[in-house]
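Working notes, structure below.
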Amino acid sequence: MAAGFLAVFLVIIQIYRPPLENPPVTGEIEVSPDIGQVLRNSCYNCHSNETKLKWFDELAPAYWLVTSHIRQARAALNFSEWDKLTPPQQKAKLFWGLNRILANEMPPPEYSLLHPEAHLSTDDIDAIKRYLVKISPRNLSVKNGTSPAPSQKKDSSISQPLPTANGIDFIPDYQRWKAISTTDRFDNGTMRVIYGNSVAVEAIANDNTNPWPDGTVFAKVAWTQAADSTGLIRTGEFKQVEFMIKDQKKYADTEGWGWARWLGKQLVPYGNDALFTQECVACHTPRKESNFVFTQPLVYKKP
């Protein structure tokens, strides 16, 4: 009786099938054949408009889960609509994807179990790394064998910068905070220093960083990379400053963090509307297990 009821139930649920269409390809990523094959084998079924479901993917309730994941994957990265992204956005998406791969989040383990052809070998990952290094702007032009001195000061003619679209005000005091880490973004040719306010520094000293306490604020300052005649990389022109502000209640809709960014010496707020924060959340989601913070802080011991 139970088996018969289950069989009828499985037949009935097949009726509800949210459509999963494959829209036209508007512009594919242009890569070498070996990288293209890796992407097609491991990524295209979810991250393109050329999805090919296997027979067991077509059966509900698996179909519901698979189609939901594909819609989310296409929204995050779609190789069939590559032409809709600017070159910097394209590079950022690729490095975002590599971070997800290195975090063992892509392809999802449960997906690879049923779709072994999507598994990325060590050679595949190394090939992707080599490709990303190749397209990195690291090999910068050298002028007179020197690099410009770093600067993070705003134009003196500019008054207090405008707040971002999500209502966060610029924090000029960040330059007096302690530097807690650095990052090298060779994908977009920038070098970054991460500063922490007193709450962040106290949390580091007490090993209380996962989760970070409310009141924690990070300032991530970026400069373009410049190379001297020996190939040594130095900071060049000031590019931007970003803030992460921890407040679980106030920023509950964006994973407990407030996000803000100001561009160039003019300190122009980034984002046309408050939805820009979704870009920040999506980028930091691979680091959910470390409370959405990428960089590991230097340790400050209490005296």
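Values in this text are rule-based calculations from the coordinates and carry no lab data. All figures in this text were calculated on a predicted structure; none of them were measured in a lab. We place every Cβ from the backbone using ideal geometry, glycine too, and count neighbours over all the protein chains shown.
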Exercise for the section: Report the FRET efficiency, 1/(1 + (r/R0)^6), for N188 and E58, where r is their Cβ-Cβ distance and R0 is 35 Å, rounded to 0.05. Expected result: 0.30
Handout entry: In nm, spacing of pseudo-spin labels at T26 and N272 (7 Å Cα→C-beta vector)
Key = 1.3 nm
Exercise for the section: Classify the stretch 169-210 as rounded, prolate or oblate from the Cα gyration tensor: take a ≥ b ≥ c as the square roots of its eigenvalues, call it rounded if a/c is under 1.5, otherwise prolate when a/b beats b/c and oblate if not. Expected result: oblate
Exercise for the section: Could you please state, rounded to a whole Å, how far the C-alpha centre of the stretch 27-51 is from the C-alpha centre of the stretch 179-244? Expected result: 33 Å
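Assuming R0 = 35 Å, can you tell me the calculated FRET efficiency for the pair Q37 and L232, based on Cβ-Cβ distance, to the nearest 0.05?
Here the calculated transfer efficiency is 0.45.
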Fill in the blank from the handout: Taking a ≥ b ≥ c as the square roots of the Cα gyration tensor eigenvalues, with a/c under 1.5 meaning rounded and otherwise prolate when a/b beats b/c or oblate if not, the stretch 18-135 comes out oblate
Completion exercise
Scoring the stretch 18-135 by relative contact order with C-alpha pairs under 8 Å, at least six apart, yields a percentage of 33 percent
